[in-house]
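Colleague: Mind having a look at this structure? Questions to follow.
The values are calculated or read from the model by the stated rules, or taken from the named source; none is laboratory data. If you're wondering where the values come from, they're calculated on a predicted model, not measured in any experiment. Note that each Cβ is placed from the backbone with ideal geometry, even for glycine, and that neighbours are counted across all protein chains shown.
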C-alpha cells in the first residue's frame, strides 16, 4: 500500500469540504470575537479533502488548517467522535499540530491528553476517544489520515458542551466550564515512523 500520495498532485483534483466559522460557532472559546465577525458563513476555518485515495477499504483524506486565530483561541477542527470502534492514523505533512484526546462519560472526563506533532510525525487516534486538532502556529497545518472508508463522525457531543474539555488560547489552556469533572491534561509523544501495516485500522470497524 502506498502510504502517502502527493498532496499537490492529488488534493488539487478534489473539491474540499469547507468548515465555516458559522459552523464552528458552538465550539468557540471567544464568543465576543465571533459576534464581531462579518459573514461568518463565508469565512473558512479549515478545509477537508476527502477520499483522495482509497485502498483495501481504507480512505485517505487531507485536512488543511490555516494559521488564522479564532479571536483569542488558536485555530482548530470542530472535534468529533467516531461512530463505532474505529481507529485512525494521522500524519503531519506540513506545519505543527496539537491533538487533544478525551475519554468522556457524560459531562465527566475520565482521561484527557495531548500529542504535540510536527512534520512527518504519526499520531494514532485511539478507540473511544473524542478528539480534535489544533494549529498552534501562524503557519498552515496540512495533515493526512487513513481511516475506514465507511467511517462516520459524530459532532453533536462537542456542540452540546461548547467544545472539548480544554480550549487552547493565547493565555494557554483554559478549562471548559460546561464539563463537571476535568482531570489534569497529560502529554504523550507521537510516533516517528509509519507502522509496517495499516491492517489494524480495519480490525474493529
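Colleague: Between 178, 120, which is over 15 Å from the mean Cα position of the chain (by Cα), on the phi > 0 side of the Ramachandran plot and touching a residue at least 24 places away in the same chain (Cβ under 8 Å)? I'd like the intermediate steps shown before the answer.
Modeller: Details: 178 fails: on the phi > 0 side of the Ramachandran plot.
120 is the lone residue from the list that is over 15 Å from the mean Cα position of the chain (by Cα), on the phi > 0 side of the Ramachandran plot and touching a residue at least 24 places away in the same chain (Cβ under 8 Å).
Colleague: How many residues are in a loop (DSSP other than H, G, I, E, B) and in contact with a helix residue (DSSP H, G or I) (Cβ under 6 Å, 6 or more places away or on another chain) when one looks only at the stretch 38-56? Break it down stepwise before answering.
Modeller: Of all residues in the stretch 38-56, those in a loop (DSSP other than H, G, I, E, B) come to 38-39, 43, 56.
After this cut, where a residue has to be in contact with a helix residue (DSSP H, G or I) (Cβ under 6 Å, 6 or more places away or on another chain) as well, the list is 43.
Final tally of qualifying residues: 1.
Colleague: Go through (1) more than 24 Å from residue 37 (Cβ to Cβ); (2) part of a loop (DSSP other than H, G, I, E, B); (3) modelled with pLDDT of 95 or more one by one and return the number of the condition residue 67 breaks.
Modeller: With respect to (1) more than 24 Å from residue 37 (Cβ to Cβ); (2) part of a loop (DSSP other than H, G, I, E, B); (3) modelled with pLDDT of 95 or more, residue 67 is out only on (1).
Colleague: Next question, about the same structure. Quick check: is even one residue across the stretch 15-24 in a loop (DSSP other than H, G, I, E, B), without any contact (Cβ under 8 Å) to a residue 40 or more places away in the chain, on the phi < 0 side of the Ramachandran plot and surrounded by fewer than 21 Cβ atoms within 10 Å (Cβ to Cβ)? Outline the logic, then answer.
Modeller: Taking the stretch 15-24 first, the residues in a loop (DSSP other than H, G, I, E, B) are 15-16.
So of that shortlist, the ones also without any contact (Cβ under 8 Å) to a residue 40 or more places away in the chain come out as 15.
Filter once more, so that each one left must be on the phi < 0 side of the Ramachandran plot: 15.
When the remaining residues are screened for being surrounded by fewer than 21 Cβ atoms within 10 Å (Cβ to Cβ), the result is 15.
Checked the stretch 15-24: at least one residue is in a loop (DSSP other than H, G, I, E, B), without any contact (Cβ under 8 Å) to a residue 40 or more places away in the chain, on the phi < 0 side of the Ramachandran plot and surrounded by fewer than 21 Cβ atoms within 10 Å (Cβ to Cβ).
Let's see how each residue does on (1) touching a residue at least 60 places away in the same chain (Cβ under 8 Å); (2) more than 21 Å from residue 95 (Cβ to Cβ); (3) surrounded by 17 or more Cβ atoms within 10 Å (Cβ to Cβ); (4) touching a helix residue (DSSP H, G or I) at 6+ places or on another chain (Cβ under 8 Å):
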| site | (1), (2), (3), (4) |
| --- | --- |
| 125 | no, no, yes, no |
| 135 | yes, no, yes, no |
| 138 | yes, no, no, no |
| 141 | yes, no, yes, no |
| 148 | yes, yes, yes, yes |
| 158 | yes, yes, yes, yes |
| 161 | no, yes, yes, no |
| 165 | yes, yes, yes, no |
| 171 | yes, yes, no, no |
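Colleague: Of everything in the stretch 105-123, what is buried (at least 18 other Cβ atoms within 10 Å of the Cβ) and at pLDDT below 95? Give them in sequence order.
Modeller: none
Colleague: I've got another one for you. Got a number for residues in the stretch 181-202 being more than 17 Å from residue 113 (Cα to Cα) and loosely packed, with under 11 Cβ neighbours inside 10 Å?
Modeller: Taking the stretch 181-202 first, the residues more than 17 Å from residue 113 (Cα to Cα) are 192-202.
This time we only want the ones that are loosely packed, with under 11 Cβ neighbours inside 10 Å, so: 192-193, 196-197.
Going through the stretch 181-202 one residue at a time, the tally reaches 4.
Conditions (1) more than 24 Å from residue 31 (Cα to Cα); (2) touching a strand residue (DSSP E or B) at 6+ places or on another chain (Cβ under 8 Å); (3) at pLDDT 95 or above; (4) surrounded by 21 or more Cβ atoms within 10 Å (Cβ to Cβ), marked per residue:
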| position | (1), (2), (3), (4) |
| --- | --- |
| 72 | no, yes, yes, no |
| 84 | yes, no, no, no |
| 96 | yes, yes, yes, no |
| 99 | no, yes, yes, yes |
